[in-house]
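*Asks:* First the structure, which I've put down as structure tokens, then a few questions once you've had a look.
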Amino acid sequence: MGDSSRQVHWENVYTTKGETEVSWFQQSPAPSLELIVQAGAVNSSAIIDIGGGASRLVDHLVEQGFEDVTVLDLSGAALETAKARLGAGVDRVHWLVADATIWEPVKRYDIWHDRAAFHFLTDEKDRAAYIARLGRGLKIGGHAIIATFALDGPEKCSGLPVARYDSASLGRTLGTTFKLVHTQWHEHATPWGSRQVFQFSIFRREG
């Protein structure tokens, strides 16, 4: 899927479905919050949520006092949903409508969080482009928290094919610059009660 068609797809999703009508909706993003803390984040840490969309992670980060939070997503409609929900807290967040495979980071982050964006990159060139941005956007010693469908997770999401991983295959894909420091399995319940198996892995950028 090309850059423009990806954006069209996700704009269509977020303009035709409500926040709670998508399979990835979480009332509380507990696994992500726990791993952000485990990665050593403090209130002054620069955190970026890649593919954050309308996720409620940003609400919790703002509520917990994190001062440098960025949310990046292909869909402007998704970000508008999150902004409307945040209300007075909206100005405490940096919002970026961008494709993580072509966006150019203008700063380096302490924490790079991605729940279920990377696994949509089924083309090797797109993965390489994303990893290049990860390398440019994450501080040396910083941590990337990347959640994807596990090897026994769904083969498609939102009508699109996905690439499934365990921590070992994800580590090989990211390359030797990133060292695995933690991994865990998570079973996500969709709003309609089906189960989706995810792996969440933390990688530290070594150099």
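*Asks:* Just to be sure I understand the model, the point goes 7 Å from the Cα along the line to the Cβ. What's the resulting residue 44 to residue 30 distance in nm?
*Replies:* Distance between the two pseudo-spin positions: 3.2 nm.
*Asks:* Next up: Go through 66-79, 47-60, 172-185 and give me the packing order, highest mean Cβ count within 10 Å leading. Write out the running numbers ahead of the final one.
*Replies:* Details: 66-79: 21.2, 47-60: 23.6, 172-185: 15.2.
Descending mean neighbour count gives 47-60, 66-79, 172-185.
*Asks:* Next up: Using unit Cβ charges (K, R positive; D, E negative) and no other charged atoms, how large, in debye to the nearest 20, is the dipole of the stretch 95-176 about its Cα centre?
*Replies:* 280
*Asks:* Give the accessible surface of the chain per residue, rounded to a whole number of Å², with probe radius 1.4 Å and ligands, DNA and RNA excluded.
*Replies:* Values: 9200 Å² over 207 residues.
Per residue, the chain has an accessible area of 44 Å².
*Asks:* A further question on this structure: Determine Rg/Rh for the stretch 80-128; Rg is computed over alpha-carbon atoms and Rh is the Kirkwood hydrodynamic estimate from the same atoms.
*Replies:* Working: Rg = 13.7 Å, Rh = 13.3 Å.
Looking at the stretch 80-128, the ratio lands at 1.03.
*Asks:* Rounded to the nearest 500 deg cm²/dmol, what is the calculated helix-only ellipticity per residue at 222 nm for the chain, with -39500 (n - 2.57) per DSSP H run of length n ≥ 4? Mind showing how you got there, number by number?
*Replies:* Numbers: 6 runs with 63 residues, N = 207.
When only DSSP H runs of four or more count, the value is -9000 deg cm²/dmol.
*Asks:* Ok, one more. Using only alpha-carbon positions, what ratio does the radius of gyration of the stretch 52-161 give when scaled by 2.2 N^0.38 Å?
*Replies:* On the way: Rg = 14.4 Å, N = 110, 2.2 N^0.38 = 13.1 Å.
That ratio works out to 1.10.
*Asks:* Under 10 Å from the Cβ of residue 50, count the other residues' Cβ atoms, weight Lys and Arg +1, Asp and Glu -1, and hand me the total. Show your work: numbers first, answer last.
*Replies:* Details: positive: 115, 133; negative: 49, 73, 114.
Net local charge, residue 50 excluded: -1.
*Asks:* Quote the FRET efficiency, to the nearest 0.05, computed for residue 104 versus residue 155 with a Förster distance R0 of 30 Å and r equal to the Cβ-Cβ distance. Could the numbers behind the result be given before it?
*Replies:* Values: r = 32 Å, r/R0 = 1.06.
Given R0 = 30 Å and the Cβ-Cβ separation, E is 0.40.
*Asks:* Here's another thing I want to ask about it. How long are the three semi-axes of the equivalent ellipsoid of the stretch 1-62, in whole Å, if each is the root of 5 times an eigenvalue of the C-alpha gyration tensor, listed from largest down? The partial results should precede the final answer.
*Replies:* On the way: eigenvalues 138, 44, 17 Å².
For the stretch 1-62, the semi-axes come out at 26, 15, 9 Å.
*Asks:* Would you mind working out the magnitude of the charge dipole of the chain relative to its Cα centre, with +1 at each Lys and Arg C-beta and -1 at each Asp and Glu C-beta, to the nearest 20 Debye?
*Replies:* On the way: 21 positive and 25 negative charges, 88 e Å.
Roughly 420 debye for the chain.
*Asks:* What percent do you get for the relative contact order of the chain when only Cα pairs under 8 Å and 6+ apart count? Present the calculation step by step, with values, prior to reporting the outcome.
*Replies:* Values: 392 pairs, mean separation 39.8, N = 207.
In percent, rounded to a whole number, it is 19.
*Asks:* Eigenvalues of the Cα gyration tensor times 5, then square-rooted: what semi-axes does that give for the stretch 130-201, in whole angstrom, largest first?
*Replies:* On the way: eigenvalues 123, 34, 25 Å².
Whole-Å semi-axes of the equivalent ellipsoid: 25, 13, 11.
*Asks:* Set Lys and Arg Cβ to +1 and Asp and Glu Cβ to -1, take the dipole of the chain about its Cα centre, and tell me which of 57, 15, 162 lies farthest positive.
*Replies:* 162
*Asks:* Using a simple spin-label model with points 7 Å from Cα along the Cα→Cβ vector, what separation in nm is obtained for residue 177 and residue 190?
*Replies:* Between residue 177 and residue 190, the simple spin-label model gives 3.5 nm.
*Asks:* Once the convex hull of the C-alpha atoms of the stretch 1-109 is built, how many Å³ does it hold per residue, rounded to a whole number?
*Replies:* Working: hull volume 11.7 nm³, N = 109.
Convex hull volume per residue, Cα atoms: 107 Å³.
*Asks:* Of 83/125; 125/179; 107/156, which ones are farther than 24 Å apart at the Cα? Could the numbers behind the result be given before it?
*Replies:* Values: 83/125 32 Å; 125/179 22 Å; 107/156 33 Å.
Distance filter (> 24 Å) returns 83/125; 107/156.
*Asks:* Moving on to the next point. Can you give me the distance in nm between label points at residue 21 and residue 124, each placed 7 Å from the Cα along the Cα-to-Cβ direction?
*Replies:* 4.0
The values are calculated or read from the model by the stated rules, or taken from the named source; none is laboratory data. Nothing here was measured: the structure is a model prediction, and the numbers come from that model. Here Cβ is always computed from backbone atoms with ideal geometry, including for glycine, and neighbour counts include all displayed protein chains. Remember, those area values only see protein heavy atoms, side chains included, never the ligands or the DNA or RNA. Shrake-Rupley method; radii C 1.70, N 1.55, O 1.52, S 1.80 Å.
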